[in-house]
Amino acid sequence: YRALKAKPSLKAQVESLFTFTALPETICKYEPQFCVPLPGVEIGETLLNRCNFSTGSSVSSAVGSQMAEAYSSIGVQAFQDQASSVDGLGKAFGEWSETLDTFVLTAFSSLIMGLIFMVLLRMALGTCVWLSIFALFVIIMFGGGVSWVRSRQCSGVSLLDAGRQTINSAAALAEHHANQAKVAASGEDSTYRSEALTGDGADYRGMQRRSISGYSCLPWGLADASNPSVAAYTAAAFPTSGLDNPNPNHEFCRNPYDRSIANNVDKASTIWCFTSDTEVLWEECLPLNVLTPECKAGYAVTSEGLRKVLEIVAYVIWALGVIYLLAICCMSSRICLAISINKVAAVYVSHNPLVLLVPTFQALLQCCWMLLWMFCASFLLSQVPDDYVKKEGLKTYAEAYGTADTPGVCTGKFPTGGIWKEELGCGTFTNARDAACWRCYPPRFMFDWRFAVSFFVFLWTNALQIALGELIVGMSAVLWFFTPNDEKGSNSTGVIGSTAKVFRYHSGSAMFGSLIIAIVQFIRALMYYFEKNAQAQKNQTMAIILKVVQCLLWCFEKCLKFLNKNAYIQICIKSTNFCTSAKNAFSLIMANALRFSVIIFLGGGVAWLGSFFITSATVGLGYLYLSAMHQDANPTIPVVSFIIMGYVASTMYMQVFGMAVDTILQCFIHCETEKLDGDFVPEQVSRWLDLEKTKDDKPEPEKDRE
């Protein structure tokens, strides 16, 4: 720069030599300085009406025609790869369109699989629940065992081998106690029962019958053809080693050797025995009162403090397992009640399969509404005012974009725009450093009060659809529950009648409850908007505070949704207004917290199991249909569609089933509280009605209820 400034002739020479011809405007629509191709490069048309660079004639003559063709073929190959990928995807979707018959058949089968799951749920739910509870207890205890074994794992020994050794030692100890009880009961000689071991174990006279790996020991002095060395170890050969047991089948671990001989070759480091395994002739043993061997080479966990922590963690996990087992024993009646209520809900869904149309219609209506709202919202979002960002140029990048702790002029508010540098007519050799070349460009969208109103309406409408769906399913379940058992499943208790009652009597409650949810969701979205603005202003403290507020609002929203759902059920049972129903629902939940907790815990497991069963069965049947009807079709896209279909079907079933479970529980509690008993109570829960513990001054129930 200094050389150009000092020598104007050099500047003129550079400008004359480095002047290139730009492409015409018909090809390049940008400024001329951005339309200069590299020397020796030409532009031609290639596949898919795309432009491609090729080598010019001057370059071809310099490097050769073959090399020039190689350069040009690189771009052509890239276009061909792109075209082939698009063609492959289009071919895959084309083949999928030819297998639509299997898709329709699979969709119908997914509904059948849902009904089959409901039938299986009625028959095998109790067994599955108790097996799952026991399996969870085993997992907890196993986790504690892993932590305990890890704290005693020797260096060079895998965790699996260390665990196997511990289990074998524990099994041998249990076997020893059983043998002790047997010996004490029969009055036999009990001389060799001490498990004391010192040094190399020459004085050991215990009753360990198994090696460290759990192999059974052979009796000493036995004439074994597979291991002739066993016969040499007799009481006569080793009189001081404890082999003279009166028991003819003396198979206890010992360390037999002649102590009078220095460096005796028969001497082992500890007790051992010949094993009954043909591949492992002999192996060392541990005393019965020792579960893990001494780690002479060190521990796998070298830190003694960490080993102590692992041991304490194991004891804590085992304590939690015991507490879990005691809790299960104390809550066994509530678990049985929850199982019965889930069975009743399964019966309800199987009696009213049309109730599955509720989430289906909701999903279709929601898709149509979202498309319409997105179209309108796109128009509102795109109304970015002309003065949203500064139009004047800025001198530095830091001033325009900002730094780590200072907001930029162009990016100081959310939605943030961007920056660009003006190249034409911005700065010369004399004033380049002082020129204001950095400029702001506005974002592609922005938020204002019009979009806020539209977004609130969107949230309210979504919440209203969910509320109406819950009310319809809840009303259908309530009508079914209070219908006499011999009339359950009739059309009068179906989804059509419940829909009519909800829209006629309870649409206002649905609107009010959904309004509360929409207000909380809108406030949470507003906090997110404020958080983004705080980040744009480089105010990290405020951004963190707003994140915490959003988390609290999310928790509050979940609680409100749970309360609203139970309030809708109270509306269906008692026909009270929303506020009264919400109050009754809250009191009911507090008074029956354990019942609701067990139902929620069990419902989550049943929902996961149902989703897995229905989705897996749907995909399996779909693949069988595809293999039988379209053997040559590519299964990738069809199988993906089967997975989506199975997931959608399982979601519909589990949503309806979950709402039915909550409704049946509240109907049961209502019958228990109001002393309602009769032929309408499902047989699965009739024996659980605790009418004797209710107060005698309860008002008489209504005889008939519409």
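The values are calculated or read from the model by the stated rules, or taken from the named source; none is laboratory data. Worth saying up front: this structure is predicted, and the values here are computed from it rather than measured. Note that we place each Cβ from the backbone using ideal geometry, even for glycine, and neighbour counts take in every protein chain shown. Note: areas computed on protein heavy atoms with side chains; ligands, DNA, RNA excluded. Shrake-Rupley method; radii C 1.70, N 1.55, O 1.52, S 1.80 Å.
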Fill in the blank from the handout: Only unsatisfied item for Leu563, checking (1) over 20 Å from Phe596 (Cα atoms); (2) open to solvent by 20 Å² or more (accessible area, probe 1.4 Å); (3) among the aliphatic types (A, V, I, L, M), is (1)
Completion exercise
Over the range 476-518, the set of residues under 20 Å from Ala582 (Cβ atoms) and not aliphatic (A, V, I, L, M) is Lys501, Tyr505, His506, Ser507, Gly508, Ser509, Phe512, Gly513, Ser514
Handout entry: Leading residue by the ranking (modelled with the lowest pLDDT) among those in the range 168-211 that are open to solvent by 50 Å² or more (accessible area, probe 1.4 Å) and β-branched (Val, Ile, Thr)
Key = Thr191
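Here is a yes/no grid of residues against (1) touching a Lys or Arg at 6+ places or on another chain (Cβ under 8 Å); (2) closer than 30 Å to Ser151 by Cα:
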| position | (1), (2) |
| --- | --- |
| Ser216 | yes, yes |
| Trp220 | yes, no |
| Tyr257 | yes, no |
| Ser260 | no, no |
| Asn263 | no, no |
| Thr292 | yes, yes |
Exercise for the section: Inspect all residues belonging to the range 674-683 and state whether any of them is buried (at least 20 other Cβ atoms within 10 Å of the Cβ) and either at pLDDT 90 or above or under 21 Å from Gly474 (Cα atoms) (or both). Expected result: yes
Practice task
Count, please, the residues in the range 530-549 that happen to be of a type outside the set (A, V, I, L, M, F, W, C), without any contact (Cβ under 8 Å) to a residue 40 or more places away in the chain and open to solvent by 30 Å² or more (accessible area, probe 1.4 Å).
Solution key: 4
Practice task
Check off (1) in contact with a Cys (Cβ under 9 Å, 6 or more places away or on another chain); (2) open to solvent by 20 Å² or more (accessible area, probe 1.4 Å) for Cys273 and give me the number that stays unchecked.
Solution key: (2)
Practice task
Quickly run through the range 113-135 and pick out the residues that are open to solvent by 60 Å² or more (accessible area, probe 1.4 Å) and among the aliphatic types (A, V, I, L, M).
Solution key: Ile116, Val119, Leu120, Met123, Leu131
Practice task
Would you mind stating whether Ile637 is of a type in the set (A, V, I, L, M, F, W, C), modelled with pLDDT under 85, more than 24 Å from Val129 (Cβ to Cβ) and assigned to a helix (DSSP H, G or I)?
Solution key: yes
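Being open to solvent by 60 Å² or more (accessible area, probe 1.4 Å) and β-branched (Val, Ile, Thr) is the filter; apply it to the range 314-347 and report the residue that is nearest to Gly163 (Cα to Cα).
Val316
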Practice task
Only one of these is outside any helix (DSSP H, G or I), closer than 25 Å to Gly408 by Cβ and of a type in the set (Lys, Arg): Lys532, Lys538, Lys547. Name it.
Solution key: Lys538
Completion exercise
When (1) modelled with pLDDT of 80 or more; (2) open to solvent by 50 Å² or more (accessible area, probe 1.4 Å) are applied to Val656, the one that fails is (2)
Fill in the blank from the handout: For the range 157-174, the count of residues that are more than 15 Å from Ser216 (Cβ to Cβ), touching a residue at least 40 places away in the same chain (Cβ under 8 Å) and among the small types (Gly, Ala, Ser) equals 2
Practice task
Can you confirm whether the range 409-432 contains a residue that is without any contact (Cβ under 8 Å) to a residue 24 or more places away in the chain, surrounded by fewer than 17 Cβ atoms within 10 Å (Cβ to Cβ), assigned to a helix (DSSP H, G or I) and β-branched (Val, Ile, Thr)?
Solution key: no
Problem - Restricting the range 139-156 to residues that are in contact (Cβ under 8 Å) with a residue 12 or more places away in the chain and among the hydrophobic types (A, V, I, L, M, F, W, C), the residue that is farthest from Glu294 (Cα to Cα) - result: Ile140
Handout entry: Residue pairs meeting the criteria (Cβ under 8 Å; at least 6 apart or on separate chains; first of a type outside the set (A, V, I, L, M, F, W, C), in the range 321-342; second modelled with pLDDT of 90 or more and surrounded by 12 or more Cβ atoms within 10 Å (Cβ to Cβ))
Key = Gly321/Phe137; Gly321/Ile140; Gly321/Met141; Gly321/Gly144; Tyr324/Phe137; Tyr324/Ile140; Asn342/Val661
Problem - Matching residues in the range 153-163 - criterion: being part of a helix (DSSP H, G or I), modelled with pLDDT of 80 or more and either of a type in the set (Asp, Glu) or open to solvent by 30 Å² or more (accessible area, probe 1.4 Å) (or both) - result: Leu159, Leu160
